[in-house]
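None of the figures in this text is laboratory data; all of them are computed from the coordinates on show. Just so you know, these numbers come straight off a predicted model, no measurement behind them. FYI the Cβ positions are ideal-geometry reconstructions off the backbone, even for glycines, and counts take in every protein chain you see.
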């Protein structure tokens, strides 16, 4: 009788473990991709250096959070990640009622990107509208430049997260 219970316990445990909860032991990244070329993002905005900053951040996050190697020569790359900054928007969230000066401003950067396999022409990921946002408050010494840098970092992080395989 104890043997039957032990066998049933093992079978039930195996069934529960096999069902999992949707977890997977597979990598979040594609195994068939080793290298990524990241040209400088294009920009429709007139903010100087924004496209360079975003491209630098994207390269940084690819190298930190993925197994892919960034290469500068498109001919040596398996894939290419390209995109364009479409909007930089900085609305005032709150203002001082006495002076009409902004107190809190939110900087939002929007772009589109496409990650393409250069060997096959297959589009691996494409997003038409990805945003990164950050706020700044002049009263505590934060600047629009620091908020723009943080929004750029968050946007780059979202772009690289989109390079992960779907669960």
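Applying a 10 Å radius around every beta-carbon, put 106-112, 157-163 in order of their mean neighbour count, most first. Each step should come with its number before you reach the end.
Numbers: 106-112: 21.4, 157-163: 19.0.
Packing order, densest peptide first, comes out as 106-112, 157-163.
Please find the FRET efficiency linking residue 118 to residue 158, where r is the Cβ-Cβ separation and R0 is fixed at 30 Å, and quote it to the nearest 0.05. Each step should come with its number before you reach the end.
Details: r = 23 Å, r/R0 = 0.77.
That gives a FRET efficiency of 0.85.
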message: If R₀ is 30 angstrom, what is the calculated FRET efficiency for the pair residue 139 and residue 64, using the beta carbon separation as r and rounding to 0.05?
response: 0.35
query: For region 29-161, what class follows from the C-alpha gyration tensor (a ≥ b ≥ c being the square roots of its eigenvalues): rounded when a/c is under 1.5, otherwise prolate if a/b is larger than b/c, else oblate?
result: prolate
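Within a 10 angstrom radius of the beta carbon, how do 76, 65 rank from fewest other beta carbons to most? Show your work: numbers first, answer last.
Values: 76 11, 65 15.
Result, fewest neighbours first: 76, 65.
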- prompt: What whole number of Å gives the distance from the Cα centroid of region 87-122 to the Cα centroid of region 36-84?
  reply: 18
